[in-house]
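Worksheet: the structure to be examined is printed underneath.
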Amino acid sequence: MGLRSFLHRLTAPQPSNSPVTGKVKLVCVVNQGLKMGKGKTAAQVGHASVEAFLKTGVSHPRHVERWLASGQKKICLKVLHDDGEFESIKQAADQAGVPTHMVHDAGHTQIPRGSRTVLALGPFDDEVLDRITGDLKLL
């Protein structure tokens, strides 16, 4: 399958009997404990956003359809340390049926290989994501 076909499959409206009608967003939770520079953080959030979009396009195409049609809202939040915070957020997301993607750094620049830098959730329903991440601070 070519790149155009792949992107079309992800972004083309899907026939649906039950379209998603509420607000939808993508949440990226950044590990501030790693002390990444601004550029490194931006790159890691970019990785997380693209991968979350691609995975959710396959698992939850109606949510991606709604997200694309409604302006592709994105929000970046932070955790101060990865001491289990990512894991508890991911568990809550899994229990709620929210698609997730964890970015592990390749270790080429500022931080050790395998470090968990960003956890992306969604695109998914605003209200569900707020229940999971509502107590986190904006980046």
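Every number in this text was worked out from the coordinates using simple rules, so none of it is lab data. Computed from a prediction, not measured in an experiment: that's the story for all the values here. Because the Cβ atoms are built from the backbone with ideal geometry, glycine has one as well, and the counts that use them run over all protein chains shown.
Tabulated data for the structure shown
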| read-out | value |
| --- | --- |
| Sparse-neighbourhood loop sites, trypsin sites (Lys or Arg not before Pro) in region 89-118 - DSSP loop, at most 14 other Cβ within 10 angstrom | Arg113 |
| Extension gain from Lys73 to Asp135, taking 0.36 nm per residue of separation minus the Cα-Cα distance | 20.4 nm |
| Eligible lysines near Lys38 by straight Cα distance, threshold 21 Å, same-chain separation 8 or greater | Lys73, Lys74, Lys78, Lys137 |
| Taking the chain and dividing mean pair separation by its residue count, relative contact order in percent (alpha carbons under 8 Å, at least six apart) | 36 percent |
| Which label in (i) 54, 27, 12; (ii) 19, 18, 16; (iii) 26, 18, 12 gives the computed semi-axes √(5λ) of the Cα gyration tensor in Å | (iii) |
| Cβ-based exposure ranking for His63, His104, His47, in which fewest neighbours within 10 Å come first | His104, His47, His63 |
